[in-house]
There are 4 protein chains.
Amino acid sequence: MKILVTGFTPFGEEKTNPSQDIVSALPKSINGARIIPLIIPTVRFKSIQRICEVIEKEKPDVVISVGQAGGRFSITPELVAINRDDYAISDNEGNQPIDETISLDGPAAYFTTLPIKEMVKQIRAHHIPAECSTTAGTFVCNHVFYGISDYIYHHHLQIKNGFIHLPFSSVQALHHPHQPSLSIDEMQRGLELAISCCTRVKD
Amino acid sequence: MKILVTGFTPFGEEKTNPSQDIVSALPKSINGARIIPLIIPTVRFKSIQRICEVIEKEKPDVVISVGQAGGRFSITPELVAINRDDYAISDNEGNQPIDETISLDGPAAYFTTLPIKEMVKQIRAHHIPAECSTTAGTFVCNHVFYGISDYIYHHHLQIKNGFIHLPFSSVQALHHPHQPSLSIDEMQRGLELAISCCTRVKD
Amino acid sequence: MKILVTGFTPFGEEKTNPSQDIVSALPKSINGARIIPLIIPTVRFKSIQRICEVIEKEKPDVVISVGQAGGRFSITPELVAINRDDYAISDNEGNQPIDETISLDGPAAYFTTLPIKEMVKQIRAHHIPAECSTTAGTFVCNHVFYGISDYIYHHHLQIKNGFIHLPFSSVQALHHPHQPSLSIDEMQRGLELAISCCTRVKD
Amino acid sequence: MKILVTGFTPFGEEKTNPSQDIVSALPKSINGARIIPLIIPTVRFKSIQRICEVIEKEKPDVVISVGQAGGRFSITPELVAINRDDYAISDNEGNQPIDETISLDGPAAYFTTLPIKEMVKQIRAHHIPAECSTTAGTFVCNHVFYGISDYIYHHHLQIKNGFIHLPFSSVQALHHPHQPSLSIDEMQRGLELAISCCTRVKD
């Protein structure tokens, strides 16, 4: 079994992106499943394209994209991706689409095919805050989540896919007073627990 | 022109619901459009059914449903309704669906057909906090928003529709320390400004 | 009976200060007590000096200073003033004392002599959010509260005095997303209710 | 050099208190200073008395009391203790004083004699969120902080003392949705860094 896990480069005014740090530090295998880490640019369409190239080459069974959502209190697997790009800030190449669709002929939304409630249960069982989210926003995170869902749908692939948002890391919180944060260590363990829910071998 | 505006009865542990109070107090017409106020039960399916009965009878041009989302900071018109019922608490008749669809054969989501960005702009121009929201949750509010969107779609109606969430009112905030709130007066004016964006006659 | 009520000019990056707007709009009398409104500069020592001049001239029975504390959820009468200036930003004349005392030989703190719990009770009874606060911070608000307390103590005056903090007003909240706010109207009524608790004639 | 560090038992509806867990797990020495851990009951006066007994027996150079303040975002060394008991909930023996003094003839407040800004700087330098606080509340935490300050003052002792508040731990946050938290590991390291600021040997 192969699991492709993607993280983003930093964006906006942030100097780090915990999704990049954590995805880069994943072990080579979890519960017997091979982990393929991939860092993608925080750029419209290029991010999706990069993942699709690796999907074609590696043919993973699962794709989990991970991103940053400053202001959240916990690790939040996402329920649904929507066909909407509406960026409050520019992406890393200066694109700032307003009220645009991601796929002209795509459906309004795709639900995740990952076991997000089981993920939340497992992460919390290890005393790390987590809860399901019902919005991935309308920036590059949702863009990637929708784009990969749409690609899988149109290519009739059997890949399970979804998105997990991380809050600010502790080091980011130093510059965001009165914003919640988790430690990189907690988020690392949380993500590995979430991934382990997608493997066939149970621990 | 006719605009049907719906509000909910109180639910959960709340004794009031600002959507009920405010919808009940709407003027008979706004910008020349006739306002049809309707209070619906916070009950799965019955809420949708009640609105559909009035749609059939009154044939409104616009349907705006209004509900409560405690914890929000401002008046939040919603972007999208999703085909998911997942209730953290029971509705007012004890239903608590978990991970269920609202419409078995419906699409994953419907986007609002209301001018939500214009609404936000108008409300803020009058110094009342407002912003667009990308999730209506998975309780009866989203249920109604999705259900009416689905009804309009399947019946090929030309009705514009959408949903607006209100934060706690000041009186509710007395029992929710450290939760943001708006006054009933501000929310009343905000809702009327939002409605005025849906009338053909501009002010 | 005379009640001196002071408000501040805007400071930091704010263009308005609700304490200024509200104090300026107070009625000439409340419950038979004459209200003396006074706007003071958000400047170290000058603010205290300005109030002391008016105290000497008008000989009020009560002094209530009102200021802004962005981020608060409600109207918050303060319990205690501390002998510490430690400014995170400059005041309106560029002063930014760090870890300094306000009065070299003054005590560490003064408690308010206003009926703050009764104030909170009255404001809430009128459905406006309020709660007592145990810190006025270490900026010009606390500076004025401490300075006037110290002046009254050293001059053996019988004046009751204290401080009330206001949250962001709705118009300020437009530029502070995800910050709580109250309407100017609510804060106006709340302040008048607080003042009415200091008059001898009960309503 | 000897440093007495105290933690509290759980109180209110909480089953754990991170101050207890972390103080119990402190190393025997930090930077050459001997650490004396002490768990005190969350009970008015008994808490102070227990610390005073150990002060008399051990004659520490520094006393750092540590407690819980759910809702905070970071580790917060306290600036000031006030002479006020005003408990929103009962302590662990059912006492709930309202608007009472802690010491009948004590001053309104005592400032900490710990290097709290240096503590915050050191903790943040290790990428753990921290900031100074200007209120320790009016519950047993402030009670102990004031009581020990008063004891040291009246006995003319050369002991440095102060108080550090901890936010919810991650495991507590599981039952407090939308409340910020830090991991026990981060708080453990943060407290040790704070303690190290009080030792004469610099690292």
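Observations on the model:
- Of the criteria (1) open to solvent by 50 Å² or more (accessible area, probe 1.4 Å); (2) within 15 Å of A:Thr138 (Cα to Cα), which one A:Pro37 fails: (2)
- Verdict on D:Gly71 being among the small types (Gly, Ala, Ser), more than 14 Å from chain C (Cβ to nearest Cβ) and not in a helix (DSSP H, G or I): no
- Single unsatisfied condition, A:Pro60 versus (1) modelled with pLDDT under 95; (2) touching a Leu at 6+ places or on another chain (Cβ under 8 Å): (1)
- Candidates A:Arg44, A:Arg34, filtered to the one that is within 15 Å of A:Ile3 (Cβ to Cβ) and charged (D, E, K, R): A:Arg34
- Only one of the listed residues (A:Lys15, A:Lys28, A:Lys46) is within 14 Å of another protein chain (Cβ to nearest Cβ) and either over 26 Å from D:His178 (Cα atoms) or open to solvent by 30 Å² or more (accessible area, probe 1.4 Å) (or both). That residue is A:Lys15.
- The set of residues in region B:125-151 that are in contact with a Gly (Cβ under 9 Å, 6 or more places away or on another chain), part of a helix (DSSP H, G or I) and more than 15 Å from B:Gly67 (Cβ to Cβ) contains only B:Asp150.
- Restricting attention to region D:161-175, the residues being of a type outside the set (S, T, N, Q), at the interface with chain A (Cβ under 10 Å from one of its Cβ atoms) and touching a helix residue (DSSP H, G or I) at 6+ places or on another chain (Cβ under 7 Å) number 1.
- Of all residues assigned to region D:110-118, at least one qualifies as being hydrophobic (A, V, I, L, M, F, W, C) and open to solvent by less than 20 Å² (accessible area, probe 1.4 Å).
- Some residue of region D:154-169 being open to solvent by less than 50 Å² (accessible area, probe 1.4 Å) and part of a helix (DSSP H, G or I): no
- Residue match in region C:52-60 (condition: under 15 Å from the mean Cα position of the chain (by Cα) and open to solvent by less than 10 Å² (accessible area, probe 1.4 Å)): no
- Region B:41-74, residues that are over 30 Å from C:Ala173 (Cβ atoms) and either aliphatic (A, V, I, L, M) or touching a strand residue (DSSP E or B) at 6+ places or on another chain (Cβ under 6 Å) (or both): B:Val43, B:Ser47, B:Ile48, B:Arg50, B:Ile51, B:Val54, B:Ile55, B:Glu58, B:Pro60, B:Asp61
- Taken over region B:122-138, residues that are within 13 Å of chain A (Cβ to nearest Cβ) and surrounded by fewer than 24 Cβ atoms within 10 Å (Cβ to Cβ) amount to 6.
- In region C:77-94 there is at least one residue that is in contact with a Cys (Cβ under 7 Å, 6 or more places away or on another chain) and touching a residue at least 24 places away in the same chain (Cβ under 8 Å).
- Top-ranked residue in region C:74-109 [being charged (D, E, K, R) and closer than 20 Å to D:Ser133 by Cβ; ranked as surrounded by the most Cβ atoms within 10 Å (Cβ to Cβ)]: C:Glu78
- Unmet criterion (only one of (1) at pLDDT 95 or above; (2) within 12 Å of another protein chain (Cβ to nearest Cβ)) for D:His178: (1)
The values are calculated or read from the model by the stated rules, or taken from the named source; none is laboratory data. Keep in mind the model is a prediction, meaning the values are calculated, not measured. So basically every Cβ, Gly included, is an ideal-geometry build from the backbone, and we count neighbours across all protein chains shown. Protein only, heavy atoms only, side chains kept; ligands, DNA and RNA dropped before computing areas. Shrake-Rupley method; radii C 1.70, N 1.55, O 1.52, S 1.80 Å.
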